[in-house]
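So the structure is just underneath, and the comments pick up after that.
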Amino acid sequence: MANTRRAACRALGALAMCAGFGALTLATPGAHAEDKQITLGFAQVGAESAWRTANTELVKSAAADAKIKLKFSDAQQKQENQIKAIRSYIAQKVDVIAFSPVVESGWEPVLREARAAKIPVILTDRNIDVKDTSLYVTMIGSDFLEEGRRGGKWLADHYKDAQGPINIAELQGTVGSAPANDRHAGLIEVIKSDPKFKIIASQSGDFTLAGGKQVMEAFIKSYGNKINVVYAHNDDMALGAIQAMEEAGMHPGKDVVVVSFDATKGGFQAMAAGSKMNVDVECSPLLGPQLMSAVKDVMAGKPLPKRILTEETVFPMSVAAQTLPTRKY
Ligand code: AHR
């Protein structure tokens, strides 16, 4: 295990991506890296959404396919649990640590501990906000800011001939998380130049269906028919909001436009059957195979780009019925 870790650290040193790991001075890059089973410690966010369930399943199956020994933990959406899990992986001397950070800030201390133990760290799905980006090797996942812009552009186009005001109720994801911060920022970037768009309410539903429903019920009580658009940061919250609107006698997808993110089967079903959601901006959870390949590359001393982006698109309601059978999650 020590040899495989050293190979990874030499790769990091070669790329100047990881000062602490790169301090190692062994001579033969990649030596002994291939003949040992790699152990990966993966600290997952939780099980908050259909997206997350699909992501977890694929991480597990891709590890099995790649013959990587996986240690898996579920942080139940709490940063302190994730930090505990990472510390436990350090204590267990795993070869590589990967995690999908619940929130963006507060990671330096534990990442420095991983570096001191010479264990490379890969970020997957969500990014972090650190000054010293050499604390991790690479980040594999979506561009959430671009996703937010895509949602905003769809709205701008949909309402291009409308007078306004267009009142938006925003269901935010987990407070402080990269997708919540960036999907909000992407929307603002697009609509800020057009005063007819107004965000009249914005609150976190924590990326869950129950959270989305509860927050939407409160929005309906406060704003009722004034709401023109629900901008939900994921499908689970959008589906919860749809339930709340229907229970209040409203018609989601018709008199209230619903913009959502992920493009899960649930989102597609809401668009295809009953036209209850208007557009779903794709965010792919199918990151397992890319992650395992990055883990192997790190262990083999191969260079990796600092950012590995996922390819994604936008699905309006009009394509939902024909596309639904091809959706993998
Ligand atoms: O980080 C990805 C986001 O987290 C997905 O949009 C959401 O469904 C999940 O919980």
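All other residues with a Cβ under 13 Å from the Cβ of K198 taken together, and with Lys, Arg as +1 and Asp, Glu as -1, what is their net charge? For residues surrounding K198, the net value is +1.
Annotation for the stretch 144-192 versus the stretch 68-90: alpha-carbon center distance of 32 Å. A probe of 1.4 angstrom, applied to the heavy atoms of all protein chains, finds E282 with accessible area near 20 square angstrom. Have a look at Q163, A178, S202 and report the one farthest towards the positive end of the charge dipole of the stretch 144-283, computed about the Cα centre with Cβ charges (Lys/Arg +1, Asp/Glu -1). In the stretch 144-283, that residue is Q163.
Just list whichever of K69/K93; K36/K302; K60/K131; K67/K296; K67/K328 have alpha carbons separated by over 20 Å in the model shown. List each step's numbers first, then the result.
Working: K69/K93 13 Å; K36/K302 16 Å; K60/K131 31 Å; K67/K296 10 Å; K67/K328 23 Å.
Listed pairs above 20 Å: K60/K131; K67/K328.
Taking the charge dipole of the stretch 273-318 about its Cα centre, with +1 at Lys and Arg Cβ atoms and -1 at Asp and Glu Cβ atoms, the residue from S284, V295, T313 reaching farthest to the positive side is V295. On a per residue basis, the stretch 226-329 carries 37 Å² of accessible surface, using protein heavy atoms and a 1.4 Å probe.
Across the chain, C-alpha contacts under 8 Å between residues 6 or more apart give a mean separation that, scaled by the residue count, equals a relative contact order of 20 percent. Surface calculation, 1.4 Å probe, protein heavy atoms: I242 sits at approximately 10 Å² accessible. Ranked by solvent-accessible area (1.4 Å probe, protein heavy atoms only, all chains present), the residues T53, T208, T326 order from largest to smallest as T326, T53, T208. Expressed to the nearest 5 percent, the antiparallel share of DSSP beta bridges inside the chain is 5 percent. Compared with the direct C-alpha span, the chain from A47 to E113 gains 21.1 nm at full extension, assuming 0.36 nm per residue. With a ≥ b ≥ c the root eigenvalues of the C-alpha gyration tensor of the stretch 34-104, is it rounded (a/c under 1.5), prolate (a/b larger than b/c) or oblate? Taking the square roots of the gyration eigenvalues as a ≥ b ≥ c, the stretch 34-104 is oblate.
About its Cα centre, the stretch 144-283 has a charge dipole of approximately 380 debye under the convention of +1 per Lys or Arg Cβ and -1 per Asp or Glu Cβ, with nothing else charged.
Full extension from R87 to S105: what is 0.36 nm times the residue separation minus their Cα-Cα distance, to one decimal in nm?
Length difference between fully extended and current span is 4.8 nm.
Placing a label point 7 Å from the Cα of S193 along the Cα-to-Cβ direction, no residue of the stretch 130-152 has its backbone N under 12 Å from that point. Rolling a 1.4 Å probe over the protein heavy atoms leaves K302 with an accessible area of roughly 110 Å².
A273 to R307: FRET efficiency via 1/(1 + (r/R0)^6), r the Cβ-Cβ distance, R0 41 Å, to the nearest 0.05? Spell out each step's value before the answer.
Details: r = 37 Å, r/R0 = 0.91.
Efficiency at R0 = 41 Å is approximately 0.65.
Given +1 at the Cβ of Lys and Arg, -1 at the Cβ of Asp and Glu and no other charges, the dipole of the chain around its Cα centre is 960 debye to the nearest 20.
Diffusion coefficient (Stokes-Einstein, Kirkwood radius over C-alpha pairs, 20 °C, 1.002 mPa s) for the chain: 104 µm²/s, rounded to a whole number. Note on the chain: GNM, Cα springs under 10 Å; of F42, F207, F197, the largest mean-square fluctuation is that of F197. Label positions at L324 and K221, each projected 7 Å from the Cα along the C-beta direction, are separated by 3.4 nm. Placing unit charges on the Cβ atoms of the charged side chains and taking the dipole of the chain about its Cα centre, the candidate lying farthest along the positive direction among Q79, F144, L111 is L111. Going by the alpha-carbon gyration tensor, a ≥ b ≥ c the square roots of its eigenvalues, is the stretch 144-283 rounded (a/c under 1.5) or, if a/c is not under 1.5, prolate (a/b greater than b/c) versus oblate? Rounded.
Percent of accessible area on the chain owned by carbon and sulfur, 1.4 Å probe?
Answer for the chain: carbon and sulfur cover 52 percent of the accessible area.
Please tell me which of these pairs span more than 18 angstrom C-alpha to C-alpha: K196/K276; K153/K221; K196/K226?
Values: K196/K276 24 Å; K153/K221 28 Å; K196/K226 14 Å.
The answer is K196/K276; K153/K221.
Students sometimes get this wrong: rank R112, R183, R149 by accessible area, probe 1.4 Å, all chains present, largest first. Could you put the intermediate results ahead of the total?
Working: R112 130, R183 5, R149 55 Å².
Per-residue accessible area, sorted high to low, gives R112, R149, R183.
Using a 1.4 angstrom probe, figure out how much accessible area the stretch 89-157 has per residue, in square angstrom, rounded to the nearest whole.
Values: 2190 Å² over 69 residues.
Per-residue accessible area for the stretch 89-157 comes out at 32 Å².
The values are calculated or read from the model by the stated rules, or taken from the named source; none is laboratory data. Bear in mind the structure is a predicted one, so any value in this text is a computation, not a measurement. Every residue, glycine among them, receives a Cβ derived from its backbone with ideal geometry; neighbour counts consider all protein chains shown. Accessible surface is based on the protein model in full, side chains and every heavy atom, while ligands, DNA and RNA are left aside. Shrake-Rupley method; radii C 1.70, N 1.55, O 1.52, S 1.80 Å.
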